[in-house]
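We did not get these values from a lab; they are worked out from the coordinates using the rules stated. Given the structure is predicted, the values throughout are model-derived calculations rather than measurements. In this analysis, Cβ positions are derived from the backbone assuming ideal geometry, glycine residues included, and neighbour counts consider all displayed protein chains.
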Amino acid sequence: MNRLDALKYFVAAAENLSFKLTALRFSVSPQVISRVIAELEKELGEPLFKRNTRAIHLTDFGEKFRPNAIAFLQEEERLFGLKHADNDLAGIVRITLPPSDYADHILQQLLTALKPYPHIAIDWRTDFDTLNVVEDQIDIGIRISRTPEEHWIAKKIMMLHEPIVATPELISNVGLPQDIHDLIENFPVGSILNPKTGKAWDWFIDNAPIPLSNPCVVTSDIRSLLQAVLAGRIFAPIMYHDCKKYIENGTLQVVFNDKESPLWGLYLYRPYQPITPKRVQIVFEILEGILMRNKGSI
């Protein structure tokens, strides 16, 4: 047990009387808070909180222990706070997101907003696959997903439509499909490569996966898939923000109505960590503001 972290968790939990809120504050899971508090109580030989399924409350011992813990943390902050602050605002923040035209725009705004923090370095990785938090040392991610993963601390930015589109010329040549199953079985289609399986990702309609048996184009880059659609080669689902201008100028045509377009969530996330450096928290907050301001253009 890290005694310093344990005291910080205790003081925060004593303030808000919630392990869940304490976990959010320190970017860890509620189970971590509960375990560390239990270890601290074991070391002290006294319970700090009374617990039930609905709430926690300080014990008499916890009430007496709290001011001593606060005084200790204040002294620690006085002695080392400045050094910690300097270290936390220097170093690399690794960010992953899928390749897209808006990614360059977001990066430019992020680097502009980070001018007051010249010692924060950004490692910007555009990759369709979700990079491994441990092996790739990812600090922050932007992902298009149906639901956030359990190990994420995630902020939903917005919902995204993914219409199936094709050029009017291709539609004129081969006609319109009766439904999604007719399209997949009898028309030229394309999809993104799933790097984990080496095969094309399934399409999704009404949250149900529909596998592609014989796609004409498979690529690891959504921008390449869009180019294949623009070339009049295939029908494919393309995120609305990527194909909006082509739909509006008539270069592309939506095949089915909006009700049949899959919905995806755009999430900003960071992984659960025992301690999140201040530089990562700052970059996360800046990115959240940028993404919220740019929702209309994403």
Convex hull per residue volume in Å³, alpha carbons only, for the chain: 156
Whole-Hz couplings from phi, Karplus 6.51/-1.76/1.60, listed for the stretch 181-191; x for Gly and Pro: 5, 4, 4, 5, 7, 10, 10, x, 10, x, 7
Distance (nanometres) between label positions extended 7 Å along Cα→Cβ at E185 and W124: 4.6
Linear extension gain, R78 paired with Q137, 0.36 nm per residue minus alpha-carbon span: 18.1 nm
Amide H within-cut-off set for I120, under 5 Å, with H built and near neighbours excluded: G91
Solution diffusion estimate, µm²/s, Stokes-Einstein, the stretch 163-261, Kirkwood Rh from C-alpha pairs, 20 °C, viscosity 1.002 mPa s: 159
Contour excess over end-to-end distance, with Cα ends at I70 and Y117 and 0.36 nm allotted per residue: 13.9 nm
Sparse-neighbourhood loop sites, trypsin sites (Lys or Arg not before Pro) in the stretch 135-231 - DSSP loop, at most 13 other Cβ within 10 angstrom: R146, K196
Of D101, D202, D182, the one that fluctuates the most in a GNM where the chain has Cα springs shorter than 10 Å: D182
Most mobile listed residue (N16, N173, N214) in the chain, GNM with C-alpha springs under 10 Å: N173
Highest-fluctuation residue, I247, I153, I192 considered, GNM on the chain with Cα pairs under 10 Å: I247
Estimated 222 nm signal from helices in the chain, with DSSP H stretches of n ≥ 4 weighted -39500 (n - 2.57), rounded to 500: -13500 deg cm²/dmol
Proximal lysines to K244, defined as alpha-carbon separation beneath 22 angstrom and excluding residues fewer than eight positions away on the same chain: K156, K259, K295
Burial order of peptide ranges 231-243, 105-117 (average beta-carbon count within 10 Å, highest first): 231-243, 105-117
Convex hull volume of the stretch 3-81 per residue (C-alpha atoms, cubic angstrom): 87
The stretch 195-286: GluC sites (Glu not before Pro) in DSSP loop, at most 12 other beta carbons within 10 Å: none
